[in-house]
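Enquirer: Could you have a look at this structure, given as structure tokens, before my questions?
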Amino acid sequence: MKALVIGSGGREHTLVWKLKQSRKIDKVFCAPGNGGISRIAKCINIAPDNFKVLADFAHRNKIGLTVVGPEAPLAAGIVDEFQKRKLKIFGPTKDAARIESSKVFSKEFMRKYHIPTAPFKVFTSAAEAMGFCKSVQYPSVIKADGLAAGKGVVIVRNLEQATRTIEDIMMKKVFGEAGERVMVESFLQGQEVSVMAITDGKTIRTMLSSQDHKQAYDGDRGPNTGGMGAYCPTEFTPPEVMQDIEDHILTPTIEGLAKEGVVYKGVIYAGLMITGEGPKVLEFNCRFGDPESQVVLPLLKNDLAEIMMAVVSQKLASTGKFSWHNNTAACVIMASKGYPGKYATGVKISGLQDGKDNNCYVFHSGTSYRDKTWLTAGGRVLGVMGMDKSLRLALNRAYRMVNKIKFEGATYRRDIGFRAGKPVG
Ligand code: AMP
Ligand code: GLY
């Protein structure tokens, strides 16, 4: 069977890599892909938002399974389009993707179905939001409603910052339409973890928990990024906490959506804070995490294509529970100088070889490959993943590889995994 992966980052490289290991798959295409992906799959130059052309391609090439990486095409309805044309696609419909694409929908849904999350209030008027901020405790959290490329969440320390943030989002519209409504939310303290689960709308299979490092600099300082590194599993979710997450967060979410008439098929990603009072939802995403995929999927023993096909045909119950390699995986993101702000591209990369070591793999986030030369092509450039018996050994493997790879201005965090061993709360 042929598969098509949509997207161009490290997550998509990981999905392609994992699908290629499937017994069911003999060829993988990626639209549009990147330099690294082009070494293991056939990249086709179609943009992820060009649904009609993608569906035509899938139809013409008899693609048996399409997998969508990023949230934007999901939120815009790519799955609905493929389904209309009877093409098999893994991912939630536009309605189901609202769990990520509208923070207000997502929080109101959680309130309705008693899914643990921080208390919040929604505002359509800047003046009212500012008024409310006079009575809240600080730090507090202000969120723009819509998709804002991961930048729509601001933790504010005082009223002045809160007022300025509301002004930016609602009056200056720095995130455009995403800022028509804002949410003011209580600040939660604890350990942040990501838990992804695969569901066909009836059955849920939870994956191992991972921890991302969102800030640009060591010690979790600096601006928020898409993620600078991750590791899996984490110690913050022992079996009873995972059970709690499944019973009180993931299952009621899928069941609640079903009650709303929405069948959720695909991967659901819960961004969680493990607080002193147990796990609480920070956000849901309707897709695989990046760089969480780069550390979770390498540990999965199951055939990913089989699982995804079972989701598409709503037969996930007939597949076994997931089984996992008894290892830890760690991923270090190498980024361009200036990321997450402005950065240059087209910078030559040296030291990259096609991986021979099964326990270390370089997933490409933003590269191109031309005339036998590797060049940077994005803010996040590479995700160097190491796997071993412990987090320490996995990190050693990843950082050894990082040290061999050079490009001008390469930046990376030197402290991935630093929260491991720290108490919750
Ligand atoms: P989100 O896009 O909603 O995940 O928010 C981005 C980041 O802001 C999260 O990864 C958290 O680190 C932080 N954050 C969001 N909501 C809260 C909250 N209620 N309390 C503390 N931190 C939060
Ligand atoms: N690493 C965070 C995300 O994928 O949303």
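Enquirer: Kindly indicate whether Glu283 is within 16 Å of ligand 1 (Cβ to nearest atom) and surrounded by fewer than 22 Cβ atoms within 10 Å (Cβ to Cβ).
Expert: yes
Enquirer: Looking at region 209-232, which of its residues are more than 15 Å from ligand 2 (Cβ to nearest atom) and of a type outside the set (Asp, Glu)?
Expert: Within region 209-232, Tyr217, Gly219, Arg221, Gly222 qualify.
Enquirer: So, in region 204-225, exactly how many residues are in contact with an Asp or Glu (Cβ under 8 Å, 6 or more places away or on another chain), within 12 Å of ligand 1 (Cβ to nearest atom) and more than 28 Å from Asp303 (Cβ to Cβ)?
Expert: Adding up the residues that qualify gives 2.
Enquirer: Quick check on my filter: what residues within region 162-175 are exposed (fewer than 15 other Cβ atoms within 10 Å of the Cβ), free of Cβ contacts under 8 Å to residues at least 12 places away in the same chain and not basic (Lys, Arg)?
Expert: none
Enquirer: Quick check, is Tyr269 within 12 Å of ligand 2 (Cβ to nearest atom) and crowded, with 18+ Cβ neighbours inside 10 Å?
Expert: So Tyr269 passes the test.
Enquirer: Another one. Return yes or no: is Val184 aliphatic (A, V, I, L, M), more than 21 Å from Arg11 (Cβ to Cβ) and modelled with pLDDT of 95 or more?
Expert: yes
Enquirer: If you don't mind, another one. Being in contact with a Phe, Trp or Tyr (Cβ under 8 Å, 6 or more places away or on another chain) and either under 20 Å from Met309 (Cβ atoms) or surrounded by fewer than 19 Cβ atoms within 10 Å (Cβ to Cβ) (or both) is the filter here, so list the residues in region 74-101 that pass it.
Expert: Once the filter is applied, which keeps residues that are in contact with a Phe, Trp or Tyr (Cβ under 8 Å, 6 or more places away or on another chain) and either under 20 Å from Met309 (Cβ atoms) or surrounded by fewer than 19 Cβ atoms within 10 Å (Cβ to Cβ) (or both), region 74-101 yields Ala76, Gly77, Ile78, Glu81, Phe82, Lys88, Ile89, Pro92, Ala96.
Enquirer: Continuing with the same structure: Which ones in region 120-149 are among the hydroxyl-bearing types (Ser, Thr, Tyr), surrounded by 15 or more Cβ atoms within 10 Å (Cβ to Cβ) and closer than 24 Å to Ala75 by Cβ?
Expert: none
Enquirer: Okay, next question. Considering only region 61-161, give the strands (runs of 3 or more DSSP E) lying wholly within it that have at least 2 residues that are away from ligand 1 (no atom under 16 Å from the Cβ), among the β-branched types (Val, Ile, Thr) and touching a strand residue (DSSP E or B) at 6+ places or on another chain (Cβ under 8 Å).
Expert: Filter on region 61-161 gives 63-68.
Enquirer: Right, here's the next one. Can you find a residue that is closer than 30 Å to Arg413 by Cα and at pLDDT below 95 anywhere in region 119-141?
Expert: no
Enquirer: Regarding Gly261, is this residue farther than 30 Å from Val28 by Cα, of a type outside the set (S, T, N, Q) and away from ligand 1 (no atom under 16 Å from the Cβ)?
Expert: So Gly261 fits the description; yes.
Enquirer: Within 16 Å of ligand 2 (Cβ to nearest atom), buried (at least 24 other Cβ atoms within 10 Å of the Cβ), under 29 Å from Tyr217 (Cα atoms) and within 21 Å of the chain's Cα centre (by Cα): is that true of Val362 in this structure?
Expert: In short, no.
Enquirer: Just a yes or no: is a residue in region 336-350 modelled with pLDDT under 95 and part of a strand (DSSP E or B)?
Expert: No; the residues of region 336-350 include none that is modelled with pLDDT under 95 and part of a strand (DSSP E or B).
Enquirer: Go through (1) in a loop (DSSP other than H, G, I, E, B); (2) surrounded by 19 or more Cβ atoms within 10 Å (Cβ to Cβ); (3) touching a strand residue (DSSP E or B) at 6+ places or on another chain (Cβ under 6 Å); (4) not acidic (Asp, Glu) one by one and return the number of the condition Met401 breaks.
Expert: So the condition that Met401 fails would be (1).
Enquirer: Now a separate question. Which pairs do you get when a residue that is free of Cβ contacts under 8 Å to residues at least 40 places away in the same chain, found in region 179-203, comes within reach of a residue that is part of a strand (DSSP E or B) and within 16 Å of ligand 1 (Cβ to nearest atom), reach meaning Cβ atoms under 6 angstrom, with the pair 6+ apart or on two chains?
Expert: Once the first residue is free of Cβ contacts under 8 Å to residues at least 40 places away in the same chain and sits in region 179-203, its partners that are part of a strand (DSSP E or B) and within 16 Å of ligand 1 (Cβ to nearest atom) give Gly179/Ala144.
The values are calculated or read from the model by the stated rules, or taken from the named source; none is laboratory data. Note that the structure is a prediction, hence the values are computed from the model and not measured. Cβ coordinates were reconstructed from backbone atoms using ideal geometry, including for glycine residues, and neighbour counts include every protein chain displayed.
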